[in-house]
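Structure first, commentary second.
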Amino acid sequence: LQRDAKGQYLFELLCHHLNLLEKDYFGIRFVDPDKQRHWLEFTKSVVKQMRAQPPFTMCFRVKFYPTDPAALKEEITRYLVFLQIKRDLYHGRLLCKTSDAALLAAYILQAEIGDYDPGKHPEGYSSKFQFFPKHSEKLERKIAEIHKSELSGQTPATSELNFLRKAQTLETYGVDPHPCKDVSGNAAFLAFTPFGFVVLQGNKRVHFIKWNEVTKMKFEGKTFYLYVSQKEEKKIVLTYFAPTPEACKHLWKCGIENQAFYKLEKSSQVRTVSSSNLFFKGSRFRYSGRVAKEVMESSAKIKREPPEIHRAGLVPSRSCPSITHGPRLSSVPRTRRRAVHISIMEGLESLRDSAHSTPVRSASHGDTFAAPGRSGRAESSERVAVIADENYSPADSVLPTPVAEHSLELMLLSRQANGAPCSIEEEKESEAGTPAAAEAEEAGGELRALCLGASGLGAAQAEQVNKFVLSVLRLLLVTVGLLFVLLLLLIVLTESDLDTAFFRDIRQTPEFEQFHYQYFCPLRRWFACKVRAVVSLLIDT
């Protein structure tokens, strides 16, 4: 890779290697040494965007999820989107109720191992595969039952298409969560989907705002502002706090790109956006690709023989166990495994420390996600059945992109060895065994939440005051600087002998002559008189 090679060059090279034409939905993601995720900008040099030393490790990801993935023109594009959504399901981003989860997992089985064969697939064969962060025996039996009885005869392409159609109906389809806190200090996850802006909090979708209702996005430091204009001219400003200024800027950039891609009719309508209202302050960013409508029109014009798809050789994620028949073994070629420059222990360490994780939860599709806990874990109830048994939190799921291929499996094994509950039933039993401790912990948790909320609110207000003071000081400095420049220009015009065409035209205007003789000359004489008086006073003393 040449030092001055742009991101566009690398992306085109990759798409050519994959034989991919509908490439506008995809992007290249990397993680800097501070564990902050970034999308590779195509208009900038690749080397200059990397803060780490080569060799650079990047990941090919879906950046803009198709509004209707089943309507994609080519099978290779649908297959790559299928791999991404399968990865989302495995990492807990795609939340769904148990029946939907079983159907999605059965589609994956049918696509990757084919029809059920009693000779090859013994009893309990579905338990050898990891589709979700956590499994239950009942869910595994349901997956195997659907795979045996309902999907026989489906080709891999048909199973993948049905998988996409089902995934598209889920509420968290296309969600790439950004961890934040609201003004009260409560944890939240912000995400941009094909349909609008989403805020997830406590396993509930507390806000969903369509793209045509979002009027502006900006950020200052770690604070992200979203301006919303709804019906009856009702205007709302949502404020959230990111973990770091870099994370906030990444969130802002993602929002600008997603809004431009899904909302605009033409790429010619894209404008450069500033993160601040003042021209001398903040960051400036412009989306450089095509918009969704143009991509769909371009896809309709594709006329070529469908490219061959090598499903066995293309791995969805180095961190995701292979979905192949038999025990979970890595199907990544050895030559590619050598390119993974993060050891297993380094991967686990970055997994633990990263602040930009993926939530590992699953819940029902509806107005609110099924809340975990004592009231919502009965597998017999379809309305509240969930796959994962913890709160919607990124604490133990962020796969910083990328991680060594076996690190997740080792982490899951270590959690089981340490006695951590790994299924819904085990968690329910551990909770039922200590009711008094649970009540005390709940009361203490409420008290801590109140204290944290109050302190978080005070800190947020103090931070806003400090930012306001800094903004005022910056404005004063810029104003003084402009006045100083104007003063220098005035002195050059009136006192210097420069006879350029620019200065000559200004000096010959009636307004300048009037200003010079009626105001500037008397002011200069007065100022000179005062200076002489001060000098004479100093000499006398």
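The values are calculated or read from the model by the stated rules, or taken from the named source; none is laboratory data. Quick caveat, the model's predicted, so the values are computed rather than measured. Heads up, the Cβs are rebuilt from the backbone with ideal geometry, glycines too, and the neighbour counts pull from every protein chain shown. Surface accessibility is based on the protein's heavy atoms, side chains included, excluding ligands, DNA and RNA. Shrake-Rupley method; radii C 1.70, N 1.55, O 1.52, S 1.80 Å.
Below are the figures for this structure:
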{"quantity": "Failed item, numbered, when GLN2 is tested on (1) in a loop (DSSP other than H, G, I, E, B); (2) free of Cβ contacts under 8 Å to residues at least 12 places away in the same chain; (3) closer than 27 Å to PRO307 by Cα", "calculated": "(3)"}
{"quantity": "Flag for TYR79 being free of Cβ contacts under 8 Å to residues at least 40 places away in the same chain and either of a type in the set (A, V, I, L, M) or in the same structural domain as CYS59 (by the TED database) (or both)", "calculated": "no"}
{"quantity": "Scope region 227-244; condition in contact with a strand residue (DSSP E or B) (Cβ under 8 Å, 6 or more places away or on another chain) and either of a type in the set (D, E, K, R) or open to solvent by less than 70 Å² (accessible area, probe 1.4 Å) (or both); matching residues", "calculated": "TYR227, VAL228, SER229, GLN230, LYS235, ILE236, LEU238, THR239, TYR240, PHE241, ALA242, PRO243"}
{"quantity": "Only one of PHE224, PHE219 that is at pLDDT 90 or above, touching a helix residue (DSSP H, G or I) at 6+ places or on another chain (Cβ under 8 Å), within 20 Å of HIS38 (Cβ to Cβ) and open to solvent by less than 10 Å² (accessible area, probe 1.4 Å)", "calculated": "PHE224"}
{"quantity": "Residue satisfying all of: in region 39-93; charged (D, E, K, R) and in contact with a Ser or Thr (Cβ under 7 Å, 6 or more places away or on another chain); surrounded by the fewest Cβ atoms within 10 Å (Cβ to Cβ) among these", "calculated": "LYS73"}
{"quantity": "Residue that is least open to solvent (accessible area, probe 1.4 Å) [pool: residues in region 21-33 that are among the aliphatic types (A, V, I, L, M) and touching a strand residue (DSSP E or B) at 6+ places or on another chain (Cβ under 7 Å)]", "calculated": "ILE28"}
{"quantity": "Failed item in (1) open to solvent by less than 10 Å² (accessible area, probe 1.4 Å); (2) of a type outside the set (Val, Ile, Thr); (3) closer than 18 Å to GLU257 by Cβ, with ALA188 passing the rest", "calculated": "(3)"}
{"quantity": "Pairs with Cβ under 6 Å, 6+ apart, first in region 235-259 and without any contact (Cβ under 8 Å) to a residue 40 or more places away in the chain and closer than 28 Å to PHE42 by Cβ, second β-branched (Val, Ile, Thr) and not in a helix (DSSP H, G or I)", "calculated": "ILE256/VAL273"}
{"quantity": "Single match in GLU213, GLU220, GLU233 (criterion: over 19 Å from the mean Cα position of the chain (by Cα) and over 30 Å from GLN168 (Cβ atoms))", "calculated": "GLU233"}
{"quantity": "Subset of region 510-541 (residues that are open to solvent by 70 Å² or more (accessible area, probe 1.4 Å) and under 15 Å from ILE491 (Cα atoms))", "calculated": "GLU513, PHE515, TYR517, TYR519, LEU523, ARG524, ARG525, PHE527"}
{"quantity": "Count - residues of region 113-147 that are touching a Pro at 6+ places or on another chain (Cβ under 9 Å) and at pLDDT 90 or above", "calculated": "1"}
{"quantity": "Hits in region 112-143 (condition: open to solvent by less than 10 Å² (accessible area, probe 1.4 Å) and either of a type in the set (Val, Ile, Thr) or in a helix (DSSP H, G or I) (or both))", "calculated": "TYR125, SER126, LEU139, ILE143"}
{"quantity": "Residue under evaluation GLN36, criteria (1) open to solvent by less than 10 Å² (accessible area, probe 1.4 Å); (2) closer than 22 Å to SER299 by Cα; (3) polar (S, T, N, Q), criterion not met", "calculated": "(2)"}
{"quantity": "Residues of region 206-216 classified as among the basic types (Lys, Arg) and surrounded by 19 or more Cβ atoms within 10 Å (Cβ to Cβ), total", "calculated": "0"}
{"quantity": "Close pairs from region 204-223: first in contact (Cβ under 8 Å) with a residue 24 or more places away in the chain and more than 14 Å from SER283 (Cβ to Cβ), partner buried (at least 18 other Cβ atoms within 10 Å of the Cβ) and among the acidic types (Asp, Glu), Cβ under 7 Å, at least 6 apart", "calculated": "ARG205/GLU171"}
{"quantity": "Test: residue in region 13-20 that is in a loop (DSSP other than H, G, I, E, B), more than 21 Å from the chain's Cα centre (by Cα) and either outside the structural domain of GLU257 (by the TED database) or buried (at least 17 other Cβ atoms within 10 Å of the Cβ) (or both)", "calculated": "yes"}
{"quantity": "Residues of region 201-219 that turn out to be in contact with a Pro (Cβ under 9 Å, 6 or more places away or on another chain) and not aromatic (Phe, Trp, Tyr), as a count", "calculated": "1"}
{"quantity": "Residues (of a type in the set (Ser, Thr, Tyr) and open to solvent by less than 10 Å² (accessible area, probe 1.4 Å)) located in region 167-185", "calculated": "THR172, TYR173"}
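Conditions (1) open to solvent by less than 50 Å² (accessible area, probe 1.4 Å); (2) at pLDDT 75 or above, marked per residue:
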site	(1), (2)
LYS428	no, no
ARG448	no, no
GLY456	yes, no
ALA459	no, no
VAL472	no, yes
THR479	no, yes
LEU483	no, yes
ASP505	no, yes
